[in-house]
1. From a point 7 Å beyond the Cα of residue 135 in the direction of its Cβ, which residues of the stretch 12-55 have a backbone N at a distance under 19 Å?
2. Between residue 168 and residue 76, what is the label-point separation in nm under the 7 Å Cα-to-beta-carbon projection?
3. Considering only the other residues whose Cβ falls under 9 Å of the Cβ of residue 191, what net charge follows from Lys and Arg at +1 and Asp and Glu at -1?
4. Across bins of 20 angstrom width beginning at 0, how are the C-alpha pair distances of the chain distributed, in whole percent?
5. Expected output is a single nm value to one decimal: the length gained when fully extending between residue 215 and residue 127, i.e. 0.36 nm times separation in residues minus the C-alpha distance. What is it?
6. Using 1/(1 + (r/R0)^6) with R0 = 25 angstrom and r between the beta carbons of residue 317 and residue 231, what's the FRET efficiency to the nearest 0.05?
7. Work out how much length residue 18 to residue 342 would gain on full extension: take 0.36 nm times their residue separation and subtract the Cα-Cα distance, in nm to one decimal.
8. Residue 63 to residue 83: FRET efficiency via 1/(1 + (r/R0)^6), r the Cβ-Cβ distance, R0 30 Å, to the nearest 0.05?
Amino acid sequence: MTPTIYLAFVDDWELSGDGSGDPRELQFRPMRELLKIYNAHGVRGSFNAEVMQQLAFRRFQHQNPPLKALADEWDAAVQETFRQGHDIQLHTHPQWSDAEYRNDEWHLAGDWSILNYPLNRARQMIAGSKEYLENLLRPLDPNYRCVSFRSGSWCIAPSTYLLSLLAEMGIVFDMSIVGGVRYQTRRINLDYTNCEEAFVPFYPMMTDARRVSDKVEPIICVPTNHFYGSRRKTLRHHLSKIVGGMKSRITRSPAQAKTDRTIESYGHEWAQTNHASIASRVYEKGLVPYIKGKHLISDLAQLNYPLMREMLASIRRRARASEHPALPVILENHTKDIQDFSHIERFVAEVSKDPDVKCVTLTELAKELRNGKFPIKTAAPAGR
Ligand SMILES: [Zn+2]
(Lines give C-alpha, C1' and ligand atoms only; values in the text may rest on other atoms or scores of the structure.)
Protein backbone atom coordinates (compact mmCIF):
# COMPACT_ATOMS: atom_id res chain seq x y z
CA MET A 1 0.00 0.00 0.00
CA THR A 2 1.28 3.45 -0.89
CA PRO A 3 -0.01 5.95 1.67
CA THR A 4 -1.23 9.32 0.48
CA ILE A 5 0.75 12.15 2.02
CA TYR A 6 -1.09 15.41 2.63
CA LEU A 7 1.67 17.96 2.58
CA ALA A 8 1.22 21.38 4.15
CA PHE A 9 3.63 24.02 2.85
CA VAL A 10 3.85 26.23 5.91
CA ASP A 11 5.83 29.41 6.30
CA ASP A 12 6.56 31.45 9.42
CA TRP A 13 6.16 34.97 8.12
CA GLU A 14 7.95 37.54 10.26
CA LEU A 15 10.89 39.86 10.82
CA SER A 16 14.08 38.72 12.53
CA GLY A 17 13.65 37.57 16.11
CA ASP A 18 15.30 40.72 17.48
CA GLY A 19 12.96 42.96 15.46
CA SER A 20 15.59 43.95 12.92
CA GLY A 21 15.17 43.96 9.17
CA ASP A 22 13.01 45.64 6.56
CA PRO A 23 9.53 44.10 6.20
CA ARG A 24 9.57 44.85 2.48
CA GLU A 25 12.74 42.79 2.03
CA LEU A 26 12.16 40.04 4.59
CA GLN A 27 8.40 39.63 4.21
CA PHE A 28 6.49 41.33 1.39
CA ARG A 29 8.83 40.67 -1.53
CA PRO A 30 9.72 37.04 -0.71
CA MET A 31 6.05 36.29 0.00
CA ARG A 32 5.16 37.46 -3.51
CA GLU A 33 7.95 35.30 -4.94
CA LEU A 34 6.70 32.27 -3.09
CA LEU A 35 3.10 32.88 -4.18
CA LYS A 36 4.25 33.03 -7.79
CA ILE A 37 5.77 29.57 -7.37
CA TYR A 38 2.73 28.13 -5.59
CA ASN A 39 0.29 29.61 -8.09
CA ALA A 40 2.27 28.39 -11.09
CA HIS A 41 1.95 24.81 -9.83
CA GLY A 42 -1.54 24.87 -8.37
CA VAL A 43 -0.31 24.58 -4.79
CA ARG A 44 -1.98 26.45 -1.96
CA GLY A 45 0.41 27.33 0.83
CA SER A 46 -0.10 28.47 4.41
CA PHE A 47 1.52 31.42 6.14
CA ASN A 48 1.82 31.63 9.89
CA ALA A 49 1.62 35.38 10.20
CA GLU A 50 3.45 36.65 13.27
CA VAL A 51 0.92 39.13 14.65
CA MET A 52 2.71 40.44 17.78
CA GLN A 53 5.02 42.35 15.44
CA GLN A 54 2.06 43.86 13.60
CA LEU A 55 0.40 44.87 16.87
CA ALA A 56 3.62 46.68 17.86
CA PHE A 57 3.72 48.50 14.51
CA ARG A 58 0.12 49.58 15.09
CA ARG A 59 0.90 50.80 18.62
CA PHE A 60 3.67 53.07 17.37
CA GLN A 61 2.20 54.16 14.03
CA HIS A 62 0.75 57.44 15.33
CA GLN A 63 4.11 58.88 16.28
CA ASN A 64 5.80 57.36 13.24
CA PRO A 65 4.02 57.52 9.84
CA PRO A 66 6.47 55.18 8.04
CA LEU A 67 5.47 52.45 10.51
CA LYS A 68 1.84 52.99 9.57
CA ALA A 69 2.69 52.60 5.89
CA LEU A 70 4.46 49.31 6.63
CA ALA A 71 1.63 48.04 8.83
CA ASP A 72 -0.88 48.85 6.07
CA GLU A 73 1.27 46.99 3.54
CA TRP A 74 1.40 44.05 5.95
CA ASP A 75 -2.42 43.95 6.07
CA ALA A 76 -2.62 44.23 2.30
CA ALA A 77 -0.09 41.41 1.78
CA VAL A 78 -1.99 39.11 4.13
CA GLN A 79 -5.34 39.90 2.52
CA GLU A 80 -4.02 39.51 -1.00
CA THR A 81 -2.43 36.15 -0.17
CA PHE A 82 -5.70 34.95 1.34
CA ARG A 83 -7.66 36.24 -1.64
CA GLN A 84 -5.49 34.10 -3.92
CA GLY A 85 -6.59 30.99 -2.01
CA HIS A 86 -3.70 30.53 0.40
CA ASP A 87 -4.15 30.15 4.12
CA ILE A 88 -3.15 32.50 6.94
CA GLN A 89 -2.79 31.16 10.46
CA LEU A 90 -1.54 32.17 13.86
CA HIS A 91 2.05 32.61 15.03
CA THR A 92 3.15 34.64 18.06
CA HIS A 93 6.55 35.85 19.24
CA PRO A 94 6.11 37.19 22.78
CA GLN A 95 9.38 39.18 22.67
CA TRP A 96 7.34 41.85 20.86
CA SER A 97 4.99 42.29 23.84
CA ASP A 98 6.94 45.21 25.36
CA ALA A 99 8.43 46.44 22.09
CA GLU A 100 9.66 50.01 21.90
CA TYR A 101 10.60 51.97 18.81
CA ARG A 102 13.51 54.38 19.29
CA ASN A 103 15.87 55.97 16.77
CA ASP A 104 14.31 54.02 13.90
CA GLU A 105 14.93 50.70 15.58
CA TRP A 106 12.90 48.17 17.46
CA HIS A 107 13.98 47.27 20.98
CA LEU A 108 12.44 44.04 22.13
CA ALA A 109 12.86 43.44 25.83
CA GLY A 110 10.24 40.73 26.25
CA ASP A 111 11.09 37.12 27.00
CA TRP A 112 11.32 34.99 23.84
CA SER A 113 9.45 32.03 25.28
CA ILE A 114 5.73 32.16 25.92
CA LEU A 115 6.28 29.38 28.47
CA ASN A 116 7.80 31.98 30.81
CA TYR A 117 4.74 34.25 30.91
CA PRO A 118 1.86 33.95 33.37
CA LEU A 119 -1.43 32.64 31.99
CA ASN A 120 -3.17 36.01 31.75
CA ARG A 121 -0.33 37.57 29.73
CA ALA A 122 -0.23 34.57 27.38
CA ARG A 123 -4.01 34.72 26.96
CA GLN A 124 -3.84 38.43 26.18
CA MET A 125 -1.15 37.92 23.52
CA ILE A 126 -2.79 34.97 21.78
CA ALA A 127 -6.32 36.37 21.96
CA GLY A 128 -5.16 39.78 20.71
CA SER A 129 -3.27 38.22 17.78
CA LYS A 130 -6.14 35.92 16.86
CA GLU A 131 -8.63 38.77 16.95
CA TYR A 132 -6.43 40.90 14.69
CA LEU A 133 -6.18 38.19 12.02
CA GLU A 134 -9.85 37.30 12.17
CA ASN A 135 -10.91 40.95 11.88
CA LEU A 136 -8.59 41.36 8.92
CA LEU A 137 -9.80 38.31 6.99
CA ARG A 138 -13.48 37.99 7.82
CA PRO A 139 -14.45 40.74 5.38
CA LEU A 140 -13.04 38.41 2.69
CA ASP A 141 -14.55 35.22 4.13
CA PRO A 142 -17.08 35.44 6.96
CA ASN A 143 -16.22 31.84 7.95
CA TYR A 144 -12.52 32.52 8.39
CA ARG A 145 -11.05 31.61 11.75
CA CYS A 146 -7.74 30.72 13.31
CA VAL A 147 -7.66 26.94 13.64
CA SER A 148 -3.95 26.23 14.12
CA PHE A 149 -1.08 27.61 16.14
CA ARG A 150 2.67 27.67 15.95
CA SER A 151 4.43 29.08 18.95
CA GLY A 152 7.35 31.48 18.47
CA SER A 153 10.69 29.61 18.68
CA TRP A 154 8.71 26.31 18.98
CA CYS A 155 7.93 26.97 22.68
CA ILE A 156 4.93 24.78 23.52
CA ALA A 157 6.07 22.29 26.16
CA PRO A 158 6.03 21.74 29.01
CA SER A 159 3.36 24.17 30.19
CA THR A 160 0.63 23.85 32.78
CA TYR A 161 -1.80 25.99 30.77
CA LEU A 162 -0.79 26.67 27.16
CA LEU A 163 -2.55 23.79 25.39
CA SER A 164 -5.75 24.32 27.42
CA LEU A 165 -5.64 28.00 26.54
CA LEU A 166 -5.37 27.21 22.82
CA ALA A 167 -8.22 24.71 23.03
CA GLU A 168 -10.36 27.27 24.85
CA MET A 169 -9.80 29.66 21.92
CA GLY A 170 -10.98 27.10 19.40
CA ILE A 171 -7.58 26.12 18.06
CA VAL A 172 -7.92 22.62 16.53
CA PHE A 173 -4.25 21.74 16.39
CA ASP A 174 -0.81 22.95 17.40
CA MET A 175 2.28 22.37 15.21
CA SER A 176 5.07 23.53 17.52
CA ILE A 177 6.52 20.11 18.31
CA VAL A 178 9.56 19.16 16.22
CA GLY A 179 11.10 15.88 17.29
CA GLY A 180 14.79 15.99 18.14
CA VAL A 181 15.07 19.75 18.60
CA ARG A 182 17.06 20.95 21.58
CA TYR A 183 18.00 24.54 22.32
CA GLN A 184 19.95 25.80 25.27
CA THR A 185 20.49 29.33 24.21
CA ARG A 186 20.62 32.69 25.85
CA ARG A 187 16.93 33.11 24.93
CA ILE A 188 15.40 29.70 24.56
CA ASN A 189 15.53 26.50 26.57
CA LEU A 190 13.77 23.64 24.89
CA ASP A 191 14.24 19.91 24.85
CA TYR A 192 12.23 17.88 22.35
CA THR A 193 14.76 15.06 22.09
CA ASN A 194 12.42 12.60 23.77
CA CYS A 195 9.06 13.25 22.14
CA GLU A 196 6.81 10.23 22.26
CA GLU A 197 5.46 10.97 18.78
CA ALA A 198 7.10 13.12 16.14
CA PHE A 199 5.33 12.10 12.92
CA VAL A 200 1.68 11.07 13.29
CA PRO A 201 -0.97 13.49 14.72
CA PHE A 202 -1.66 12.76 18.38
CA TYR A 203 -3.60 13.81 21.45
CA PRO A 204 -1.05 15.40 23.80
CA MET A 205 -0.89 15.27 27.56
CA MET A 206 -2.38 18.67 28.30
CA THR A 207 0.58 19.79 30.42
CA ASP A 208 3.33 18.41 28.19
CA ALA A 209 2.97 18.15 24.41
CA ARG A 210 6.05 15.95 24.27
CA ARG A 211 3.93 13.12 25.63
CA VAL A 212 0.98 11.30 24.10
CA SER A 213 -2.22 11.21 26.16
CA ASP A 214 -4.05 7.93 26.68
CA LYS A 215 -7.36 9.58 25.82
CA VAL A 216 -9.04 12.04 23.48
CA GLU A 217 -8.10 15.63 24.43
CA PRO A 218 -9.54 19.02 23.41
CA ILE A 219 -6.58 19.78 21.12
CA ILE A 220 -4.43 17.81 18.67
CA CYS A 221 -0.70 18.06 18.01
CA VAL A 222 0.55 17.68 14.46
CA PRO A 223 4.35 17.66 14.62
CA THR A 224 6.37 19.79 12.23
CA ASN A 225 8.44 17.37 10.20
CA HIS A 226 12.12 16.65 10.79
CA PHE A 227 14.44 14.17 9.16
CA TYR A 228 18.01 12.96 9.07
CA GLY A 229 19.91 14.18 6.02
CA SER A 230 22.76 12.13 4.63
CA ARG A 231 26.12 13.30 5.92
CA ARG A 232 27.51 14.03 2.48
CA LYS A 233 24.64 16.19 1.20
CA THR A 234 24.21 18.04 4.48
CA LEU A 235 27.88 18.91 4.74
CA ARG A 236 28.10 19.99 1.11
CA HIS A 237 25.04 22.21 1.48
CA HIS A 238 26.37 23.89 4.61
CA LEU A 239 29.78 24.51 3.19
CA SER A 240 28.22 26.17 0.14
CA LYS A 241 26.06 28.32 2.43
CA ILE A 242 29.03 29.46 4.48
CA VAL A 243 30.97 30.35 1.33
CA GLY A 244 27.84 32.11 -0.02
CA GLY A 245 27.53 34.07 3.23
CA MET A 246 31.15 35.18 3.03
CA LYS A 247 30.76 36.27 -0.58
CA SER A 248 27.63 38.27 0.14
CA ARG A 249 29.33 39.91 3.11
CA ILE A 250 32.13 41.07 0.86
CA THR A 251 29.95 42.32 -1.99
CA ARG A 252 26.95 43.86 -0.28
CA SER A 253 26.65 47.56 0.47
CA PRO A 254 26.44 48.86 4.06
CA ALA A 255 22.70 49.54 3.53
CA GLN A 256 22.18 45.96 2.47
CA ALA A 257 24.23 44.71 5.35
CA LYS A 258 21.71 46.21 7.73
CA THR A 259 18.75 44.31 6.31
CA ASP A 260 20.40 41.16 4.96
CA ARG A 261 19.89 37.95 6.82
CA THR A 262 22.75 35.66 6.16
CA ILE A 263 23.64 32.44 7.91
CA GLU A 264 25.38 34.78 10.33
CA SER A 265 22.17 36.41 11.56
CA TYR A 266 20.47 33.03 11.74
CA GLY A 267 23.34 31.68 13.83
CA HIS A 268 23.28 34.74 16.04
CA GLU A 269 19.59 34.48 16.73
CA TRP A 270 20.03 30.97 17.99
CA ALA A 271 23.46 31.47 19.56
CA GLN A 272 24.21 29.00 22.30
CA THR A 273 24.82 30.46 25.76
CA ASN A 274 28.60 30.32 25.65
CA HIS A 275 30.29 33.30 24.07
CA ALA A 276 31.77 32.13 20.84
CA SER A 277 33.11 33.70 17.69
CA ILE A 278 30.84 33.97 14.67
CA ALA A 279 32.78 31.23 12.93
CA SER A 280 32.38 28.79 15.77
CA ARG A 281 28.73 29.76 16.30
CA VAL A 282 28.06 28.99 12.65
CA TYR A 283 29.95 25.76 13.12
CA GLU A 284 27.92 24.78 16.18
CA LYS A 285 24.61 25.77 14.71
CA GLY A 286 25.33 24.66 11.19
CA LEU A 287 27.60 21.69 11.35
CA VAL A 288 27.90 19.89 14.64
CA PRO A 289 24.31 18.62 14.77
CA TYR A 290 24.65 17.24 11.29
CA ILE A 291 27.97 15.55 11.83
CA LYS A 292 26.68 13.92 15.00
CA GLY A 293 23.09 13.16 14.11
CA LYS A 294 22.34 14.95 10.83
CA HIS A 295 19.09 16.08 12.38
CA LEU A 296 17.30 18.61 10.18
CA ILE A 297 14.07 20.50 10.64
CA SER A 298 12.09 20.31 7.38
CA ASP A 299 12.58 24.04 6.88
CA LEU A 300 12.74 24.63 3.12
CA ALA A 301 14.63 27.92 3.55
CA GLN A 302 17.49 25.95 5.12
CA LEU A 303 17.58 23.11 2.58
CA ASN A 304 18.72 22.74 -0.99
CA TYR A 305 16.98 20.61 -3.60
CA PRO A 306 18.93 17.37 -2.95
CA LEU A 307 18.12 17.63 0.77
CA MET A 308 14.44 18.30 -0.02
CA ARG A 309 14.44 15.04 -2.01
CA GLU A 310 15.93 13.22 0.96
CA MET A 311 13.29 14.80 3.18
CA LEU A 312 10.48 13.53 0.97
CA ALA A 313 12.02 10.06 0.77
CA SER A 314 12.16 9.99 4.56
CA ILE A 315 8.51 11.12 4.80
CA ARG A 316 7.47 8.32 2.42
CA ARG A 317 9.41 5.73 4.41
CA ARG A 318 7.86 6.79 7.68
CA ALA A 319 4.37 7.01 6.18
CA ARG A 320 4.68 3.45 4.85
CA ALA A 321 5.99 2.21 8.19
CA SER A 322 3.05 3.83 10.00
CA GLU A 323 0.62 1.71 7.91
CA HIS A 324 -1.93 4.53 7.70
CA PRO A 325 -3.49 5.13 4.27
CA ALA A 326 -3.52 8.93 4.66
CA LEU A 327 -1.21 11.13 6.72
CA PRO A 328 -0.71 14.87 7.03
CA VAL A 329 2.85 16.21 7.09
CA ILE A 330 3.74 19.78 8.00
CA LEU A 331 6.75 21.40 6.36
CA GLU A 332 8.37 24.58 7.61
CA ASN A 333 9.77 27.57 5.77
CA HIS A 334 10.91 31.07 6.68
CA THR A 335 10.38 33.56 3.87
CA LYS A 336 12.92 35.87 5.53
CA ASP A 337 15.67 33.25 5.18
CA ILE A 338 15.13 32.08 1.60
CA GLN A 339 18.27 32.90 -0.37
CA ASP A 340 17.60 31.01 -3.59
CA PHE A 341 14.03 30.29 -4.67
CA SER A 342 15.06 27.89 -7.44
CA HIS A 343 15.39 24.93 -5.05
CA ILE A 344 11.89 25.44 -3.67
CA GLU A 345 10.48 25.99 -7.14
CA ARG A 346 11.94 22.73 -8.43
CA PHE A 347 10.67 20.84 -5.38
CA VAL A 348 7.13 22.33 -5.53
CA ALA A 349 6.92 21.64 -9.28
CA GLU A 350 7.85 18.01 -8.74
CA VAL A 351 5.70 17.35 -5.70
CA SER A 352 2.64 18.89 -7.38
CA LYS A 353 2.82 16.06 -9.95
CA ASP A 354 3.51 13.18 -7.55
CA PRO A 355 0.44 10.91 -7.44
CA ASP A 356 0.92 9.99 -3.78
CA VAL A 357 1.26 13.61 -2.56
CA LYS A 358 -1.58 16.07 -2.14
CA CYS A 359 -1.05 19.60 -0.87
CA VAL A 360 -3.30 20.89 1.91
CA THR A 361 -3.72 24.17 3.71
CA LEU A 362 -3.82 24.29 7.50
CA THR A 363 -7.56 25.07 7.45
CA GLU A 364 -8.19 21.97 5.31
CA LEU A 365 -5.97 19.95 7.60
CA ALA A 366 -8.01 21.04 10.65
CA LYS A 367 -11.23 20.12 8.88
CA GLU A 368 -9.99 16.67 7.89
CA LEU A 369 -8.68 16.00 11.40
CA ARG A 370 -12.19 16.67 12.70
CA ASN A 371 -13.75 14.53 9.94
CA GLY A 372 -11.62 11.55 10.89
CA LYS A 373 -9.67 11.33 7.63
CA PHE A 374 -6.35 11.14 9.47
CA PRO A 375 -5.25 8.96 12.37
CA ILE A 376 -4.92 10.72 15.74
CA LYS A 377 -2.81 8.68 18.07
CA THR A 378 -3.46 8.00 21.74
CA ALA A 379 -1.11 6.12 24.05
CA ALA A 380 -2.02 2.70 25.36
CA PRO A 381 -3.41 3.26 28.89
CA ALA A 382 -0.77 2.71 31.56
CA GLY A 383 -0.82 -0.54 33.49
CA ARG A 384 -2.10 -2.76 30.69
ZN1 LIG B 1 8.65 32.72 14.19
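1. Residues passing the 19 Å test: 49-55.
2. 3.8
3. On the way: positive: 182, 210; negative: none.
Computed value for this residue: +2.
4. Result, from short to long distances: 28, 63, 9, 0 percent.
5. On the way: separation 88, 0.36 × 88 = 31.68 nm, distance 2.71 nm.
Value of the extension gain: 29.0 nm.
6. Working: r = 18 Å, r/R0 = 0.71.
Once the sixth-power term is evaluated, E becomes 0.90.
7. Values: separation 324, 0.36 × 324 = 116.64 nm, distance 2.80 nm.
Taking residue 18 through residue 342 to full extension adds about 113.8 nm, to one decimal.
8. Numbers: r = 31 Å, r/R0 = 1.05.
Efficiency at R0 = 30 Å is approximately 0.45.
The values are calculated or read from the model by the stated rules, or taken from the named source; none is laboratory data. The model shown is predicted, which means the values in this text are computed figures rather than measured ones. Please note: Cβ atoms are built from the backbone with ideal geometry, for glycine as well, and neighbour counts cover all protein chains shown. Areas reflect the complete protein model, heavy atoms only, side chains present, ligands, DNA and RNA absent. Shrake-Rupley method; radii C 1.70, N 1.55, O 1.52, S 1.80 Å.
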